[in-house]
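Note sheet for the following structure.
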Amino acid sequence: MKKPKIRKRNQKIGNPPAALRIKQNQNARGGFRLTDFQLRVFEATLKIPFGELRTYRWIAKRIGAPKAIRAVGSALRKNPYPFIIPCHRVVKSNGEIGQYSQGQEIKKQLIEFEKRLKNRGLRRVTKEK
């Protein structure tokens, strides 16, 4: 019987999206090593529109692992770029805010800030000639 191919942990799989060009094997200077699961979670999180919220369950379903809700939370907790990869836009299914690497108060403030900006409409400023 033929042995199934098993991927090694942290094996690079394809190229992450342009917004997620995180060097996976950058440990010479103490960089980050991300798993395929973490990259999929971060990629799905990047797709949450500005000023909107999604649940951990939504992320889990989006990446094709609907029972991995807690694992999604663990992956987001290890987010190396919390202001670039908007993990503050992910909340619990029951409406509670959930945890955030920078603290729950910062998470609440970021959510409110984005809502206010979205409701106002971002105005583009151009110079007059």
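Here is how the numbers come out for the structure above:
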{"item": "Inter-residue pairs, beta-carbon under 7 Å, first of a type in the set (Ser, Thr, Tyr) and in segment 82-99, second at pLDDT 90 or above, 6+ apart", "result": "Ser93/Thr55; Ser93/Arg57"}
{"item": "Given (1) surrounded by fewer than 17 Cβ atoms within 10 Å (Cβ to Cβ); (2) touching a helix residue (DSSP H, G or I) at 6+ places or on another chain (Cβ under 9 Å); (3) aliphatic (A, V, I, L, M), number of the condition Leu117 does not satisfy", "result": "(2)"}
{"item": "Any chance Ile59 is assigned to a helix (DSSP H, G or I), among the aliphatic types (A, V, I, L, M), in contact with a helix residue (DSSP H, G or I) (Cβ under 9 Å, 6 or more places away or on another chain) and under 22 Å from Gly95 (Cα atoms)", "result": "yes"}
{"item": "Of all residues in segment 53-98 being among the polar types (S, T, N, Q) and under 13 Å from Leu39 (Cα atoms), the one that is modelled with the highest pLDDT", "result": "Ser74"}
{"item": "Checklist (1) hydrophobic (A, V, I, L, M, F, W, C); (2) touching a helix residue (DSSP H, G or I) at 6+ places or on another chain (Cβ under 7 Å); (3) part of a loop (DSSP other than H, G, I, E, B); (4) crowded, with 17+ Cβ neighbours inside 10 Å applied to Phe50, failing item", "result": "(4)"}
{"item": "Subset of segment 99-114 (residues that are modelled with pLDDT under 90 and not hydroxyl-bearing (Ser, Thr, Tyr))", "result": "Gln99, Gln102, Gly103"}
{"item": "Residue that is farthest from the chain's Cα centre (by Cα) [pool: residues in segment 62-81 that are not aliphatic (A, V, I, L, M) and not in a loop (DSSP other than H, G, I, E, B)]", "result": "Arg70"}
{"item": "Residue that is surrounded by the most Cβ atoms within 10 Å (Cβ to Cβ) [pool: residues in segment 82-97 that are over 15 Å from Glu52 (Cβ atoms) and over 14 Å from the mean Cα position of the chain (by Cα)]", "result": "Lys92"}
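The values are calculated or read from the model by the stated rules, or taken from the named source; none is laboratory data. This structure is a prediction, so every number in the text was calculated from the model and none was measured. Quick reminder, even Gly has a Cβ in these numbers, built from the backbone with ideal geometry, and neighbours come from all protein chains shown.
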